[in-house]
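The values are calculated or read from the model by the stated rules, or taken from the named source; none is laboratory data. What you are looking at is a predicted structure, and each value in this text was computed from that prediction instead of being measured. A quick note on method: Cβ atoms are made from the backbone with ideal geometry, for glycine too, and the neighbour counts reach across all protein chains shown.
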Amino acid sequence: MLYACFRGCFCFASHRSARGVEFYPLDPAIDIDAQRGHPFDVILQKVPGSDGVKADWDERLRQYATAQPLARIVGLPELVKRVTNRGTMLDVVHSLGVANVSAPRQIVLTPRDDAASISQIISDAGLKPPYLAKALICDGSEHSHSVAIIHDQGGIEALRQGRVSGIELPCVLQEYVNHGGCLFKVYVVGESVTSATRRSLPDLVAHSSSTSSSNHDYGDEGAVVVPRVSRFTQSASDDDDDDDDDGDGHDQQQHVPPPDDAVLRDIGLRLHAKLGLDLFNFDLIRDRENPSELFIVDINYLPGISKMPGYFDHFTNFLASARGVTR
């Protein structure tokens, strides 16, 4: 079986001969059928939107899919595009049909919006502080995963004026849901669904001049940049590179029971069917005030899967089943 991937998205060199898998890196600037390994059984691809060859690469993928109908293109451009814009990414959640599963309310702020119009947009949408500001486009480009907590009107104004590092308009402003500092990262690999618990942002209260439940200083701006969500509650002097001290994210977060595996599988397979994507994960949180309510807050195409429980078996089984299947 021959598998191609752009710039070595995955590395299974020590196992590939046992599973009959051969990987070939692809150059996105060259026609696929002119590259070593053609014809391919499966193509794994993810090219950042900031890459100068992105548009040409997407067209090459479409042409290859037409010319080689037995080749499985994992992540056709038109399908990937749906989850790389946070303004529309979570629209699919509202049509899942799973009880007590939804997405936080959010709006898109643009450079054309002045202070008065932003206040009106927030009011019309029913959003209440605190908020999360996120980059609108999440396609692997710089700042794709930039996040900032916006605590009050001062933070909104700082955001509008471009004074929040890493966040530029247009951006998404999402209502903050307290969730006990715990996030469930759910991985979907073909028909396989598995999850892992991760540390997340702390519970917050409305900003005041002296207090915040997270013990962070929001300063005069009413905003704080979160360079790395999983380490937000740790001391700045802690230089450990691991996401979690004990490997499962439980060391500093409150105990939040994970949803049943059957519920996670149901959600994952419904997203799989509606998005048409085979390799993605989604971030799920449980409402601290109403624990029966679950919120999907982000969807990521072709994420790093090394921390996914049993990732090697799940991934290689997917590759074996994907061969010769068109989508």
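Some notes on this structure:
- Close Cβ contacts (under 9 Å, 6 or more residues apart or on different chains) running from residues in segment 41-61 that are farther than 14 Å from Asp27 by Cβ to residues that are part of a helix (DSSP H, G or I) and of a type in the set (Gly, Ala, Ser) comprise Asp41/Ala322; Val42/Ala322.
- Segment 188-198, residues that are in a strand (DSSP E or B) and over 12 Å from Ile285 (Cβ atoms): Val188, Val189, Ser192, Val193, Thr194, Ser195, Ala196
- Meets criteria (out of contact with any Pro (no Cβ under 7 Å at 6 or more places or on another chain), aromatic (Phe, Trp, Tyr) and modelled with pLDDT of 95 or more) for Tyr187: yes
- Of the set (1) over 26 Å from the mean Cα position of the chain (by Cα); (2) modelled with pLDDT of 95 or more, all apply to Val92 but (1).
- Check on Val256, in the same structural domain as Leu201 (by TED's automatic domain parsing), at pLDDT 85 or above and part of a loop (DSSP other than H, G, I, E, B): yes
- Of all residues making up segment 271-302, the number that are closer than 15 Å to Arg86 by Cβ and either of a type in the set (A, V, I, L, M, F, W, C) or assigned to a loop (DSSP other than H, G, I, E, B) (or both): 7
- Selection count where residues are over 24 Å from the mean Cα position of the chain (by Cα), surrounded by 15 or more Cβ atoms within 10 Å (Cβ to Cβ) and closer than 25 Å to Asn317 by Cβ, scope segment 33-65: 6
- Residue within segment 130-139 that is part of a loop (DSSP other than H, G, I, E, B) and surrounded by fewer than 17 Cβ atoms within 10 Å (Cβ to Cβ) present: no
- With respect to the conditions (1) more than 30 Å from Leu319 (Cβ to Cβ); (2) in contact with a Gly (Cβ under 8 Å, 6 or more places away or on another chain), Lys128 lacks only one, and its number is (2).
- Screening Ser165 on (1) in contact with a helix residue (DSSP H, G or I) (Cβ under 9 Å, 6 or more places away or on another chain); (2) surrounded by fewer than 19 Cβ atoms within 10 Å (Cβ to Cβ); (3) of a type outside the set (A, V, I, L, M, F, W, C) shows it passes everything except condition (1).
- Scope segment 166-184; condition modelled with pLDDT under 95 and of a type in the set (Asp, Glu); matching residues: Glu168
- For segment 18-61, the candidate set comprises residues that are of a type in the set (A, V, I, L, M) and assigned to a loop (DSSP other than H, G, I, E, B); within that set, the residue that is modelled with the lowest pLDDT is Val21.
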